[in-house]
Amino acid sequence: MHSVPDSRGLPIDETRRLAVLRELAVLDSMPEAAFDAIVAAAAQACGVPTAMISLVDERRTWVKASVGRAAAGDTPRDLAFCDHAIRDVSLFEIPDARLDARFAANPWVTGGAEVRFYAGAPIVMPGGERIGAVCVVDRTPRRLDDAQRAVLHSLAAIVSSMLRQRSEVLGLGHRLVDSESHYRAIVEEQSELIAQARRDGTLTFVNVAYARHFGMEPAAMIGRSLFDFVADADRAQVREHIEAMYGTGETAAIVNRMKSADGATRWVAWTNRPMPGGGGVAEGLRCVGRDITEQHIAEQRLAESERRVRRLYEATPAILHSIDAEGRIVDVSDRWLALMGYARHEVVGRLSSDFLAPASRSHARDVVLPAFFRTGACDRVAYQFVRRDGALLDVLLSATLERDADGKVSRSLAVLEDVTEHKRMEAELGRTRAHLDAVVDNMPALVGYWDAHAVTRFANRDFQAAVGLPADRLIGCALPDIFASVDPQGYAAIAPRVAAVLAGRRQDFECALLTTSGLRQLHVTLVPAQPEDGRIDGFYGTWFDITGTKALELRQRESELRYRMLFEHLNSAYALHAVEVDAEGKPVDYRFLAANPAYCTMLALDPAKTVGARATDVFPHIAADPADWIGVFGRVALAGVPVRLEQLSAFSGRWWDIVAYRPAPGQFAVIAQDISGRKRLEAELALAQRRLRELEQQQGTATVGN
């Protein structure tokens, strides 16, 4: 007998485990929709194409239900992943079977199935026996998240419960057959529950079987009311039934509860026929009954089991629908209804194609359905469904076909995956990539991406033009080889920078590079590319051409030097000021922003203390000066109207010609020239003219006297 240790290395009681499995009578049974719904829900919840319910027999594993697999069948136990899953009560998960020594050489991994990922939740029976697993499989390595693991465990628990209920129903069915055989023997002995009663229910005859059922002798029951033996909860219903039967005069059947001899309540199926009296009016009642308690309980349990399966089907988080052989919907899950915007009664009975967009309806009719009825399955077919509000819903539909014992199509189960948001995101990502490509290609810079080995994976048009290589020759080419083709000496200067960025440190530097347009000065930024796991798998680079900027900076520095020399040696006095105003916008002071030596000399100022000082600090009495210098210069700075005036400096005793103008809002500049020489000449000229007039007047007086 095949035996395995559990996860602690202890042997599993294989004899007991196999006994429990075989008592379930499920091995090699026909497919059942309830179990098909479980695997569909498992695949949907875990986002994988394949899911199975696998039961581990002595030397094989047998698949009860599957989705994404061609058909159920056997697998040698020594090769089965599920043989490992039953060794513990926790989830058994293989992220990548190729990397697991237990499975790397397994034919399911190396062969056409290409199994990479496996996760199985053990199916645990009440006694702790692990008889199989609910498992999910994928061809791509992956890991389940905590929510998906919890769902898989829950589905395994549901399968355990369903297998027990299935076994109980089968057992009740066998007992029911035995009960019916016994009933036939009783009938042959005329042992049905037979009675006659008046219209008011008074018993006039009961047979031995009837009396035995209630633990009494037949004679003791005569004269009693038959309603005395009906269960209290059903008495009103039985009265209504008998009155209705009298009204029609026809035989009628009813099932109700009766009190038995041991005080328990038993279900009895009655056939009641009115007995005519004088004048053809029914005056009595003949009753033939059969105890169907076991059958009724079995039917109730079966109905409850079916209700549970239906509730599971309808409440599953998967998007499911089932259709009959004519393509009409027989059931849908709550998730299907929520997405489509319908109520269940609006959907059941309609053709599933009614909910498809026209193009999808044609594709289903002409391509998908013929292949589906030929092969019995379809996988991830792209359809567009039309919601009630008219919006389109993009789905991937996978379905399996169920046939009856005669091979005729009975129904199919379809699992839908909503990919509307995924397609929208793909379209949005495409647009974003297009925008990004356009931006990067039109950036006034050399832009590229290199992997962890400095191999080029992307380069924009400016980079291609700079090195003289097209994209198809750049992609896959290492950065040192690119430099070797355009600037053999250049890579040595940036090699340490490349090593640093691959170590995780951003790099900003300037370098000279010989390009197809000549020697260029570049500002380079290298940024590490770091995914979520912290591993650096490459770097991004931007190379800005600053050759012109560098030349402009040199020219600007030269210009500023010439300006400073001119400013410092200018004979005219020059100063720049910023006006300060109060809350109402009235000028109240001004600050010195710049002043050349000639200006400081004119006002007898200390150059080291002037720039940055306020006028009221330098000239404490300026606010009270009748000339209102703050107001005059404030109007120049705020209104922009220049002024010109001549002023004798009280500090130097010299005359100045002053011009004030606004170079920028809120500022005023003063240019003053020394006009003392001109003023002296004007004074001397005025004196000479006055003397000349005096001489002319003296000469005129003398002439008159003569």
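The values are calculated or read from the model by the stated rules, or taken from the named source; none is laboratory data. As the structure is a computational prediction, the values presented were derived from the model and not from experiment. Glycine gets a Cβ as well: all are built from the backbone with ideal geometry, and neighbour counts include every protein chain shown. The accessibility values were calculated without ligands, DNA or RNA, using every heavy atom of the protein model including side chains. Shrake-Rupley method; radii C 1.70, N 1.55, O 1.52, S 1.80 Å.
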Helix-derived mean residue ellipticity, 222 nm - over the chain, DSSP H n ≥ 4, -39500 (n - 2.57), to 500: -12000 deg cm²/dmol
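Using packing as a proxy for protection, rank 284-293, 97-106, 476-485 so that the peptide with the highest average count of other Cβ atoms within 10 Å comes first. Intermediate values should be presented prior to the final figure.
Working: 284-293: 18.8, 97-106: 13.7, 476-485: 15.9.
Descending packing order for the listed peptides: 284-293, 476-485, 97-106.
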Label-point separation, residue 623 to residue 373 (7 Å along Cα→Cβ), nm: 10.3
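Specify whether the C-alpha gyration tensor of the range 26-87 places it in the rounded, prolate or oblate class, a ≥ b ≥ c being the square roots of the eigenvalues: rounded for a/c under 1.5, otherwise prolate if a/b is larger than b/c and oblate if not.
Judged from the Cα gyration tensor, the range 26-87 comes out oblate (a/c at least 1.5, b/c at or above a/b).
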Separation of the residue 199 and residue 478 label points, Cα + 7 Å toward Cβ, nm: 11.2
Protein accessible area in the chain, 1.4 Å probe - carbon and sulfur %: 54
Between helix 420-441 and the chain: long-axis angle, C-alpha atoms, 0 to 90°, nearest 10: 20
Residue-span extension gain [residue 453 to residue 690] - 0.36 nm each, minus C-alpha spacing: 75.5 nm
Amide hydrogen neighbours beyond the local backbone of residue 381, cut-off 5 Å, H modeled: 397, 398
Phi-based couplings in Hz for the range 393-404 (Karplus 6.51, -1.76, 1.60; Gly and Pro marked x): 10, 7, 9, 10, 10, 10, 8, 10, 9, 10, 10, 7
Charge context of residue 354, other residues only, Cβ under 12 angstrom, K/R +1, D/E -1: +3
Nonlocal amide H pairs with residue 419, under 5 Å, H built at 1.01 Å: 394, 395, 396
Option label - log10 I(q)/I(0) by the Debye sum over Cα atoms at q = 0.07, 0.12 Å⁻¹ computed here, alternatives (i) -0.69, -1.26; (ii) -0.57, -1.19; (iii) -0.83, -1.26: (iii)
Karplus (6.51, -1.76, 1.60) ³J(HN,Hα), θ = phi - 60°, over the range 509-514, in Hz, Gly and Pro reported as x: 7, 10, 8, 9, 9, 7
Potential extension, residue 644-residue 253 segment - 0.36 nm per residue separation minus Cα distance: 128.2 nm
About the Cα centre, charge dipole magnitude for the range 651-693 (Lys/Arg +1, Asp/Glu -1 at Cβ), debye: 240
Residue 382/residue 527 FRET efficiency (R0 45 Å; Cβ-Cβ; nearest 0.05): 0.70
Extended-chain gain in nm, criterion 0.36 nm per residue less alpha-carbon gap, residue 422 and residue 239: 59.6 nm
Per residue, in Å², the accessible surface of the chain once ligands and nucleic acids are set aside, probe 1.4 Å: 54
Mean separation of Cα contacts under 8 Å (6+ apart) over length of the range 28-181, as relative contact order %: 21
Net charge dipole size for the chain [Lys, Arg +1 and Asp, Glu -1 on Cβ; Debye, nearest 20]: 960
Amide H contacts under 5 Å for residue 529, placed H, 5+ residues apart: 537, 538, 539, 540
Using alpha-carbon coordinates, inclination of helix 293-315 to the longest axis of the chain, degrees: 20
Coarse-grained scattering of the range 22-170 at q = 0.09, 0.14, 0.16, 0.17 Å⁻¹, given as base-10 log I(q)/I(0) from a Debye sum over alpha-carbon atoms: -0.24, -0.60, -0.79, -0.90
Degrees, to the nearest 10: 33-46 long Cα axis against longest axis of the chain: 20
Reach of residue 423 by Cα under 13 Å, taken over aspartates and glutamates that are not fewer than 8 positions away in the same chain: 394
In nm, spacing of pseudo-spin labels at residue 506 and residue 30 (7 Å Cα→C-beta vector): 6.9
